[in-house]
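Contents: one structure, followed by commentary.
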Amino acid sequence: MALVLATDDTGGPEIFASVQGEGPSVGRPVAFMRLSRCNLACLWCDTAYTWHFEGDNRPHRDDRTFERKANQVTLDEAEVAERILALGQDRLVITGGEPLLQAPALAKLLDHLPDISVEIETNGTTKAPVPLDIRIDQFNVSPKLAHSGNSADLALVPERLDAYATDPRAFFKFVIAEPSDVDEVLALHERYRFRPGHVFLMPEGTDSETLRTREKWLADLCLKHGFRMSDRLHIHLFGDTRGT
């Protein structure tokens, strides 16, 4: 068994140290590992190199596809663990793509990392099996709204959202492009009763100007509805780049 990772700009595995840019852990120094492959296809996805490979006809706003061989690397769990430990961080963020598609290999990886805390970023459509679930300290769940281009029957799985809504480790992060997108969040909140303080609204955007423009009206909506707001700190610091 092995892990399929996304690649950085050098063609190596996208494993790096940085500060968390989004959600409840924003600003915290962490090790990051980005896995390849996803079961959804967001029109505005800023990591399309993890899934929009040549031959994939699902739409993306850039209309760009990526060569799979150049954007994926397969490593065994022991080597991945060694690279993570070399970063010297006490917390690991596992992101993607959709990391839970590789749950069995992730569980084996974390056997090599018994002393590190773990947060995992997921679109909320699938489940962590018990051997992996018991090692997760925080779920950053990002259900996809209609403007993502995914159909609700694929992106919003009631059984999974019910489970995450009752899990105190789960925080919900909704990508917002227009003020009307918040209406969908309110409907989901009414249906699933997310925990107070566990819902973040985050502006869609891959440059500082777009983020700041949207945050001006998003802040008012957070105040009105009692949601938290998430910036995208890494975009301001590094731009829309890999390995940051």
TODO: With the checklist (1) touching a residue at least 24 places away in the same chain (Cβ under 8 Å); (2) surrounded by fewer than 21 Cβ atoms within 10 Å (Cβ to Cβ); (3) out of contact with any Pro (no Cβ under 9 Å at 6 or more places or on another chain) in hand, flag the one item Gly97 doesn't pass.
DONE: (2)
- [ ] Report yes if some residue within region 205-217 is part of a strand (DSSP E or B) and at pLDDT 95 or above; otherwise report no.
- [x] no
TODO: Determine whether Leu161 is out of contact with any Asp or Glu (no Cβ under 9 Å at 6 or more places or on another chain), open to solvent by less than 10 Å² (accessible area, probe 1.4 Å), assigned to a helix (DSSP H, G or I) and over 19 Å from Ile176 (Cβ atoms).
DONE: no
Open item on the list: Step by step: first the residues of region 1-52, then only those that are part of a strand (DSSP E or B) and not hydrophobic (A, V, I, L, M, F, W, C), then the one that is surrounded by the fewest Cβ atoms within 10 Å (Cβ to Cβ). Which residue is that?
Closed with: Pro29
Open item on the list: From the list Pro168, Pro131, Pro143, exactly one residue is part of a loop (DSSP other than H, G, I, E, B) and open to solvent by 30 Å² or more (accessible area, probe 1.4 Å). Which is it?
Closed with: Pro168
Open item on the list: For region 62-85, give me each residue that is open to solvent by 70 Å² or more (accessible area, probe 1.4 Å), at pLDDT 95 or above and part of a loop (DSSP other than H, G, I, E, B).
Closed with: Glu67, Asp76
TODO: Output the number of the condition that Pro104 fails; it satisfies all remaining conditions of (1) surrounded by fewer than 18 Cβ atoms within 10 Å (Cβ to Cβ); (2) free of Cβ contacts under 8 Å to residues at least 40 places away in the same chain; (3) closer than 20 Å to Ser36 by Cβ.
DONE: (2)
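The values are calculated or read from the model by the stated rules, or taken from the named source; none is laboratory data. Since this is a predicted model, take the numbers as computed values, not measurements. Note that we place each Cβ from the backbone using ideal geometry, even for glycine, and neighbour counts take in every protein chain shown. Remember, those area values only see protein heavy atoms, side chains included, never the ligands or the DNA or RNA. Shrake-Rupley method; radii C 1.70, N 1.55, O 1.52, S 1.80 Å.
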